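The values are calculated or read from the model by the stated rules, or taken from the named source; none is laboratory data. What you see is a predicted model, and the numbers here were worked out from it, not measured in a lab. Every residue, glycine among them, receives a Cβ derived from its backbone with ideal geometry; neighbour counts consider all protein chains shown.
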């Protein structure tokens with residue numbers, strides 16, 4: 001009984017496994033058959049062929065843009081704008097100089113004139129601006145732009161606008177027309193190979209011979225200087241000749257008096273000039289002999305200076321008498337006679353003799369002692 005029951009249970013388990021396997025196969029085939037076949041309506045649309053040209057602004061590269069109409073006329077009333085490009089054909093990256101000129105009366109106020117903001121896909125390389133006054137009274141505003149294009153094919157410089165307010169307060173605009181140009185490739189037509197690498201740049205090397213010559217000249221000059229210095233040190237010192245003693249003041253005065261007498265001023269009747277020079281000789285003598293300042297001093301001031309210099313009374317009296325006779329001719333318009341003129345010269349000689357420095361002469365081996373009166377005031 002037990003074996004029979006076990007066999008029945010095993011048979012039932014086998015039938016269950018077979019049934020389950022069949023059901024699984026049925027479900028798999030059903031799922032495959034339920035998937036709908038792709039229909040023409042549901043199949044994805046074929047991709048549009050890629051354009052052979054890249055977009056350039058609003059158009060395609062290699063093709064000209066649609067004709068652009070300026071937003072405003074080039075001239076409105078007394079305001080006019082113009083544009084000039086220096087090149088019509090360039091290669092990639094070559095600069096184009098665009099010059100814009102805006103002419104307007106002096107009472108017009110320009111509210112907007114910034115062309116560099118309207119370049120589109122052109123690259124701005126540089127900008128300059130200026131404003132001048134024309135001979136007819138109008139004003140000219142200039143903008144110079146350096147631009148470059150990097151897309152091949154036909155292109156153009158866009159329209160530029162300028163806004164202004166006229167004398168009546170009315171707002172208006174002027175605009176330039178587009179300027180066409182063409183950007184070409186730096187490669188030859190049909191050549192797609194990259195350009196070969198250029199050779200390294202050769203930097204110029206300055207010649208060395210000028211520096212060598214300068215150095216040699218400097219060394220030679222230094223050697224000569226050292227040789228001369230060494231030679232000067234080795235040479236025996238040459239004793240300097242003793243300086244000649246200064247010429248005594250009375251000898252100079254005697255020579256000047258002789259020169260005055262030989263000048264012929266008295267014979268020519270130029271008496272006043274003679275007395276002026278005679279007084280100047282005495283002034284120079286006293287300044288050299290006693291060290292007193294006689295320049296532009298009166299007779300009284302000179303006498304006071306000589307008194308302070310301890311000139312003896314006799315010398316003071318002779319000096320006062322001499323300068324008094326000279327002052328009569330110089331300032332009082334006194335016309336002396338020939339005898340008076342000779343007497344004035346004799347007074348000058350006597351004044352110098354009386355006041356000159358005298359050397360003490362030895363006598364019997366003993367120094368001679370002269371009295372103050374005999375020395376005449378010698379110091």
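The figures follow:
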| item | result |
| --- | --- |
| Qualifying residues in the stretch 326-335 (those that are in a helix (DSSP H, G or I) and surrounded by fewer than 19 Cβ atoms within 10 Å (Cβ to Cβ)) - the one farthest from the chain's Cα centre (by Cα) | 328 |
| Test: residue in the stretch 117-132 that is in the same structural domain as residue 172 (by TED's automatic domain parsing) and under 15 Å from residue 163 (Cα atoms) | yes |
| Strands (runs of 3 or more DSSP E) contained entirely in the stretch 108-156, each with at least 3 residues that are touching a strand residue (DSSP E or B) at 6+ places or on another chain (Cβ under 6 Å) and either surrounded by 15 or more Cβ atoms within 10 Å (Cβ to Cβ) or free of Cβ contacts under 8 Å to residues at least 24 places away in the same chain (or both) | 123-133, 139-148 |
| Test for residue 283: is it buried (at least 16 other Cβ atoms within 10 Å of the Cβ) and in contact with a helix residue (DSSP H, G or I) (Cβ under 6 Å, 6 or more places away or on another chain) | no |
| Of all residues in the stretch 336-352 being touching a residue at least 40 places away in the same chain (Cβ under 8 Å) and assigned to a helix (DSSP H, G or I), the one that is surrounded by the most Cβ atoms within 10 Å (Cβ to Cβ) | 348 |
| Condition met for residue 282 (at pLDDT 90 or above, farther than 30 Å from residue 300 by Cα and not in a loop (DSSP other than H, G, I, E, B)) | no |
| One residue from 256, 287, 273, 251 being under 60 Å from the mean Cα position of the chain (by Cα) and within 30 Å of residue 324 (Cα to Cα) | 287 |
| Boolean, residue 321 is assigned by TED's automatic domain parsing to the domain that holds residue 265 and either assigned to a loop (DSSP other than H, G, I, E, B) or without any contact (Cβ under 8 Å) to a residue 12 or more places away in the chain (or both) | no |
| Of the criteria (1) surrounded by 11 or more Cβ atoms within 10 Å (Cβ to Cβ); (2) at pLDDT below 90; (3) farther than 17 Å from residue 144 by Cα, which one residue 79 fails | (2) |
